[in-house]
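Note sheet for the following structure.
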Amino acid sequence: MSPQPPAEPELRRPRSKTELFTAFTWLALQGFGGVLAVAQRELVERLRWLNKEQFVELLSLSQVLPGPNIINLALMFGDRHFGWRGAAVAVGGLLAAPLVIVLVLAALYAQFSSIPQVAGALRGMGAVAAGLVLATAFKLAPMLRRSPMGLWPCVAMTLASAAAIGWLRWPLAWVVVGLGVLGYGWAWYRLSPVKDSTR
């Protein structure tokens, strides 16, 4: 008899809007250049407000909606627990402290932007941000096996997106529309009642 896989820890939920605001503020303060990576660690691993599948679902939806991904994710998560007030609180927590920091840094950058070390530091931060995004992608990749689309179609869509944007330099909007419609069509086919009834 094969051993049963370990059960996932029980999910929790924010106890109050204050806790929600504090969590998203702390998340934002850790996320210089890579908030999505921090969001996955905080919401899934530390706070256990979402499991990996739920996080991937919210992230997928937030990426196809207009606006910054993490803002969309915060809006949906806050609304899920406390309605429109929760959505406002989550976004407020995500933006309030970073807004003050960015204003201060913008003033400092205006004074010191001509110094070569400052330009080098900014390039280094860009590399760190790219690394955080890649680390999150690798951490969430195993969830593709559970996708109703199937593992290999998901891999193919990922590679096609990377090639279209990174190699062919196609506009992001056209890639999202084109591959998004293709992915939607394939998911609809895989989830259609007619297909399920013929199995």
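Sort through Ala90, Ala96 and tell me the only one that's closer than 30 Å to Ser16 by Cα and touching an Asp or Glu at 6+ places or on another chain (Cβ under 9 Å). Full working, then the answer.
Values: Ala96 fails: touching an Asp or Glu at 6+ places or on another chain (Cβ under 9 Å).
On inspection, the qualifying residue turns out to be Ala90.
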Check: Looking only at region 108-130, which residues are open to solvent by less than 60 Å² (accessible area, probe 1.4 Å), in a helix (DSSP H, G or I) and without any contact (Cβ under 8 Å) to a residue 24 or more places away in the chain?
Finding: Val118, Ala119, Gly120, Ala121, Gly124, Ala130
Check: Does Ser147 meet the test of being touching a helix residue (DSSP H, G or I) at 6+ places or on another chain (Cβ under 8 Å), farther than 26 Å from Val181 by Cα, surrounded by 10 or more Cβ atoms within 10 Å (Cβ to Cβ) and among the hydroxyl-bearing types (Ser, Thr, Tyr)?
Finding: no
Item checked: The one condition in (1) of a type outside the set (D, E, K, R); (2) modelled with pLDDT under 90; (3) surrounded by 20 or more Cβ atoms within 10 Å (Cβ to Cβ); (4) assigned to a loop (DSSP other than H, G, I, E, B) that Leu50 fails to fulfil -> (2)
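Taking the options Val181, Val133, name whichever one is aliphatic (A, V, I, L, M), over 20 Å from the mean Cα position of the chain (by Cα), open to solvent by 70 Å² or more (accessible area, probe 1.4 Å) and closer than 20 Å to Gln63 by Cα.
Numbers: Val133 fails: over 20 Å from the mean Cα position of the chain (by Cα).
Testing whether each residue is aliphatic (A, V, I, L, M), over 20 Å from the mean Cα position of the chain (by Cα), open to solvent by 70 Å² or more (accessible area, probe 1.4 Å) and closer than 20 Å to Gln63 by Cα leaves just Val181.
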Next item on the list: Please identify the pairs in which a residue from region 67-86 that is touching a residue at least 60 places away in the same chain (Cβ under 8 Å) has its Cβ atom under 8 Å from the Cβ atom of a residue that is in a helix (DSSP H, G or I) and surrounded by fewer than 22 Cβ atoms within 10 Å (Cβ to Cβ), counting only partners at least 6 apart or on another chain.
Entry: Phe82/Lys17; Arg85/Lys17; Gly86/Lys17; Gly86/Asp79; Gly86/Arg80
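Give region 12-30 a look and list any residue that's in contact with a helix residue (DSSP H, G or I) (Cβ under 9 Å, 6 or more places away or on another chain) and surrounded by fewer than 20 Cβ atoms within 10 Å (Cβ to Cβ), or say none.
Across region 12-30, the qualifying residues are Arg13, Ser16, Lys17, Thr18, Thr22, Thr25, Trp26, Leu29, Gln30.
The values are calculated or read from the model by the stated rules, or taken from the named source; none is laboratory data. Bear in mind the structure is a predicted one, so any value in this text is a computation, not a measurement. Here the Cβ is made from the backbone with ideal geometry for all residues, glycine too, and neighbour counts use every protein chain on show. SASA here: full protein model, heavy atoms, side chains in, ligands and nucleic acids out. Shrake-Rupley method; radii C 1.70, N 1.55, O 1.52, S 1.80 Å.
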